[in-house]
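Worksheet: the structure to be examined is printed underneath.
Since every read-out is calculated from the coordinates, none of them should be taken as a lab result. Computed from a predicted structure; not experimentally measured. Glycine gets a Cβ as well: all are built from the backbone with ideal geometry, and neighbour counts include every protein chain shown.
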Amino acid sequence: MLKKFNINSNIVIKPNDHGWKILQEHLDEIYSDERIKHLKKPKVARAFPPNEKGYIEMQMWKFMEIFGPKVFHGSQNTFEKNIILIDEKYLEEI
């Protein structure tokens with residue numbers, strides 16, 4: 001059965017070491033902007049705080065923005081078992 005999912009809704013992933021590196025590179029890129037260079041760049045674990053099991057939550061569009069260019073056939077895995085978790089509250093009947 002198909003269900004609708006809005007990309008503004010949250011997903012949960014468990015980044016591996018390579019995934020954390022990609023998240024750090026994303027922060028580095030954002031904070032290299034001259035308009036906000038004066039701000040203190042947060043540590044990656046503060047910007048994307050993991051829960052006690054190492055999972056992080058973000059909106060699907062943000063996930064696609066950060067990981068989309070890095071995930072392709074044959075690429076190195078960026079999150080555990082390539083699994084995205086979605087809370088049922090974000091899924092709607094068609």
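Tabulated values for the structure
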{"item": "Normalised contact order of the chain, rounded percent, pairs of Cα under 8 Å and 6 or more residues apart", "result": "57 percent"}
{"item": "More than 15 angstrom apart: percent of Cα pairs within the chain", "result": "65 percent"}
{"item": "Rounded to the nearest 20 debye, dipole of the chain from Cβ charges on Lys, Arg, Asp, Glu", "result": "240 debye"}
{"item": "C-alpha long axis of helix 17-30 to longest principal axis of the chain, angle in °", "result": "60 degrees"}
{"item": "Dipole-positive endmost among Ala47, Phe79, Gly68 within the chain (Cβ charges, Cα centre)", "result": "Ala47"}
{"item": "Met58, Met64, Met1 arranged by Cβ crowding within 10 Å, fewest neighbours leading", "result": "Met1, Met64, Met58"}
{"item": "Cβ-based exposure ranking for His18, His26, His38, in which fewest neighbours within 10 Å come first", "result": "His38, His18, His26"}
{"item": "Proxy reagent accessibility, fewest Cβ within 10 Å first, across Ile94, Ile30", "result": "Ile94, Ile30"}
{"item": "Residue of Ile36, Ile84, Ile66 that the Gaussian network model of the chain assigns the largest fluctuation, springs spanning Cα pairs under 10 Å", "result": "Ile36"}
